[in-house]
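Structure first, then comments.
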C-alpha cells in the first residue's frame, strides 16, 4: 500500500478557521456517510440526539442513544463505526483545548483533572436528561453563531456560555453511577484494531496481519475499511502520528520520536506528520511550547 494512498485521505481534524481555543457545532444531516476513525490534540465533548448506533473509542465500541454524552480526551482514535449511511443524524459537539478548559475552571475547579477522574478505566459515555441535553444544544447553537466575533463583549458572553456548558457536563459526570459497558459489533475487526493499537510502532504488513487472524488479504482490507472508514495502512499511519504528537511535547530529539513511533527514516516521518498535522514536527513542538490554545 503506497503512502500516497493514506496521505490523500482526510487529515487530522482541526478546529475550524484555524481556531486553537474552542469550536462549537450543532448539525443535522439527512444522510451521513461514515467519516472514519480520527483523532486530534484537543477534547471533544459530543452529544448524540439520534441517527447513530455505535461509537468507537480506540478499539472499544459503545452503543449510543438519544441524549448520550461522549467525552473524548486528546489523542484517542474515535468515531462512528458501521457500514451504512446514517439517516437523520442529529448531534452537537464542542472542541476545546486543554488550555481553554483550564481557563473555564475559573481557578475554582481543575476541569481537566475532573474529566480525567470521571473517565478513568475507559468510562467515556454518560447519560443526560432531555432537559440537560437540550440546554447544552442551545448553548452550543448560540456559540456557533457568534464564536468568530472579535467583539470583546461577545467573546466575554461566549466565555460565560462555555462555563455554563461545562458546569452542566460536570453535574452529569459527577452523578453518573451507571457504567456503559463496551459491546462487540464485529469481533474479528475489533480484535484486529486491538492488535494494531498494541503493535503500531512495529512493522505491520497487511499480508502478515491477514495470516495472524486467519483471513485473506482481500477480506481484511475490505472489512477493515467498512468497519473503520480507513485502510489498515492509513489507520497505522494515523496512530503513529498521533503518538508522535504526544511525544513531541517532551525533550526527546525529533529523530528519536520518529524512530520510537515506527517510522524508518526522518524524511517519511516529516512528510507524514506535516500532511496529517498541518505543520512540521518542529513547528508543532514550537506551537505547544508557546502555549498555543491556552485560552
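A few comments on the model shown:
- Computed lengthening from residue 279 to residue 176, 0.36 nm per intervening residue step minus Cα-Cα distance: 33.2 nm
- Relative to the dominant Cα principal axis of the chain, helix 217-228 is inclined by about 0°.
- With contacts taken as Cα pairs under 8 Å and at least 6 residues apart, the chain reaches a relative contact order of 23 percent.
- Spin-label model distance (nm) - residue 195 vs residue 127, 7 Å beyond Cα toward Cβ: 3.6 nm
- In degrees, nearest ten, helix 232-247 long axis to first principal axis of the chain (Cα): 60 degrees
- Amide N proximity, region 68-90 versus residue 164 label position 7 Å along Cα-to-Cβ, cut-off under 12 Å: none
- Equivalent ellipsoid semi-axes, the chain, via Cα gyration tensor eigenvalues times 5, rooted, Å: 32, 25, 17
- Helix 130-146 and the longest principal axis of the C-alpha atoms of the chain enclose an angle of approximately 90°.
- Modelled spin-label separation between residue 265 and residue 250, with each label point placed 7 Å from Cα along the Cα-to-Cβ direction: 2.5 nm.
- Taking all Cα pairs closer than 8 Å and separated by 6 or more residues, the relative contact order of region 88-223 comes to 23 percent.
- Taking label positions 7 Å along the Cα-Cβ direction at both residue 65 and residue 88, the computed distance is 1.7 nm, reported to one decimal.
- Length available on full extension from residue 138 to residue 29: 0.36 nm per residue minus the Cα-Cα distance, which gives 37.5 nm.
- Order by protection proxy (mean Cβ within 10 Å, highest first), peptides 209-222, 94-107: 94-107, 209-222
- Per-residue [θ]222 nm for the chain (sum of -39500 (n - 2.57) over DSSP H runs n ≥ 4, rounded to 500): -14000 deg cm²/dmol
- The calculated FRET efficiency for the pair residue 211 and residue 187, based on their C-beta separation and a Förster distance of 25 Å, comes to about 0.85.
- FRET efficiency, 1/(1 + (r/R0)^6) with R0 30 Å, evaluated for residue 117 and residue 157 via beta carbons: 0.50
Throughout, read-outs are computed from the coordinates displayed, never taken from laboratory work. Predicted model only: the values in this text are computed from it and were never measured. Here the Cβ is made from the backbone with ideal geometry for all residues, glycine too, and neighbour counts use every protein chain on show.
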